[in-house]
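Chemist: Sharing a structure, written as structure tokens. Questions coming.
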Amino acid sequence: MQEIENNNLEIALEALGASLAQWTEKGEQHTTAVPGLSLFRRIEPTEPVTGMYEPSICLVTQGAKRVLLGDDAYVYDAHHYLITSVHLPTVVQIIEASPEKPYLGLRLKLDQREISQLMVDSNLPAPRAQQSSRGMATGEVTLPLLTAFQRLIDLLAEEQDIPILAPIIQREIIYRLLVGDQGERLRQIASAGSQSHQIARAIDWLKANFTQPLSINDLAAQVRMSISTFHHHFRSMTALSPLQYQKQLRLQEARRLMLAEHLDAATAAFQVGYESPSQFSREYNRLFGAPPLRDITNLRQLAAG
């Protein structure tokens with residue numbers, strides 16, 4: 001029986017991989033007509049890249065990717081998905097890819113409100129009380145999860161069906177995750193009153209207000225935690241202190257402003273909340289490995305090449 005299940009899993013992976021290859025044959029990334037669904041192809045390993053992971057599930061049918069969160073490393077491949085339950089600053093690298101066997105993957109964004117609603121509608125048991133844990137994990141890919149994703153991607157050929165059928169299939173995917181081996185993690189984030197849910201609220205506030213001066217006392221009070229408890233659970237979930245998290249949000253937004261909106265470094269620094277251009281340059285260099293001007297020049301050359 002196990003051998004049949006494994007065989008069926010491999011067949012489903014191959015079919016999903018063929019669909020991903022078809023939809024990404026013209027480029028490395030395909031933003032689809034299904035809300036929140038993106039497809040990816042790379043033909044060679046990449047350098048480590050700093051970026052923000054959104055609440056999402058990432059699935060790979062070929063190749064492998066490594067994600068660093070603080071000192072923790074998460075590797076996912078054809079048999080392991082990556083699930084992220086809150087916005088997290090990471091360092092990402094594709095570690096297996098070639099022209100003959102390109103990296104093929106997908107990402108589906110997750111909505112906390114939809115997760116909470118599904119927990120209510122399906123009468124799932126409340127999560128066990130536990131300490132906050134990392135907002136990122138890998139889980140084992142299952143056949144029902146693969147077949148649900150296959151049906152979602154099949155909708156791309158019938159775009160008129162997407163508004164009706166995509167939400168139904170996405171709901172099934174969330175359900176599969178909630179009852180899977182990482183379901184407890186998702187339920188903690190979506191359960192009002194849990195410590196994980198309170199930290200998720202703090203992260204949402206930081207994302208919306210990262211240019212403002214940060215008062216840890218006020219933010220801890222806002223989510224009804226003592227300062228020490230807040231610090232402990234925030235670091236437990238994100239691998240960063242609240243101040244480090246805010247700094248990464250600021251630096252990544254400044255990088256985007258310089259790259260996409262052609263702001264100079266000093267203007268971008270002030271716009272994201274820095275008062276000292278020299279401090280901005282030092283911290284930018286530490287995070288991205290080069291001073292702002294050199295980093296943006298390199299990024300533009302890579303994009304043009």
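Chemist: Just to verify a result, which residue in the stretch 21-61, among those that are over 19 Å from the mean Cα position of the chain (by Cα) and within 22 Å of Leu152 (Cα to Cα), is surrounded by the fewest Cβ atoms within 10 Å (Cβ to Cβ)?
Modeler: Of everything passing the filter in the stretch 21-61, Lys26 is surrounded by the fewest Cβ atoms within 10 Å (Cβ to Cβ).
Chemist: A follow-up question, please. Taking His262 as the residue in question, decide whether it is surrounded by 14 or more Cβ atoms within 10 Å (Cβ to Cβ), more than 21 Å from the chain's Cα centre (by Cα) and outside the structural domain of Leu69 (by TED's automatic domain parsing).
Modeler: The answer is no for His262.
Rundown of residues vs (1) buried (at least 19 other Cβ atoms within 10 Å of the Cβ); (2) out of contact with any Phe, Trp or Tyr (no Cβ under 6 Å at 6 or more places or on another chain); (3) outside the structural domain of Met52 (by TED's automatic domain parsing); (4) closer than 24 Å to Thr138 by Cα, yes/no style:
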position: Gln182; (1), (2), (3), (4): yes, yes, no, yes
position: Gln198; (1), (2), (3), (4): yes, yes, yes, yes
position: Arg201; (1), (2), (3), (4): no, yes, yes, yes
position: Asn209; (1), (2), (3), (4): no, yes, yes, no
position: Thr229; (1), (2), (3), (4): no, yes, yes, no
position: Arg235; (1), (2), (3), (4): no, yes, yes, yes
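Chemist: Please go through the stretch 41-91 and give me each residue that is free of Cβ contacts under 8 Å to residues at least 40 places away in the same chain and either touching a Leu at 6+ places or on another chain (Cβ under 9 Å) or under 17 Å from Glu14 (Cα atoms) (or both), ordered by number.
Modeler: Residues satisfying the conditions are Ala64, Asp77.
Chemist: Among the strands (runs of 3 or more DSSP E) confined wholly to the stretch 80-174, which include 2 or more residues that are hydroxyl-bearing (Ser, Thr, Tyr) and crowded, with 20+ Cβ neighbours inside 10 Å?
Modeler: Strands (runs of 3 or more DSSP E) meeting the threshold: 80-84.
The values are calculated or read from the model by the stated rules, or taken from the named source; none is laboratory data. All figures in this text were calculated on a predicted structure; none of them were measured in a lab. Methodologically, a virtual Cβ is constructed for each residue, glycine included, from the backbone with ideal geometry; neighbour enumeration extends over all protein chains shown.
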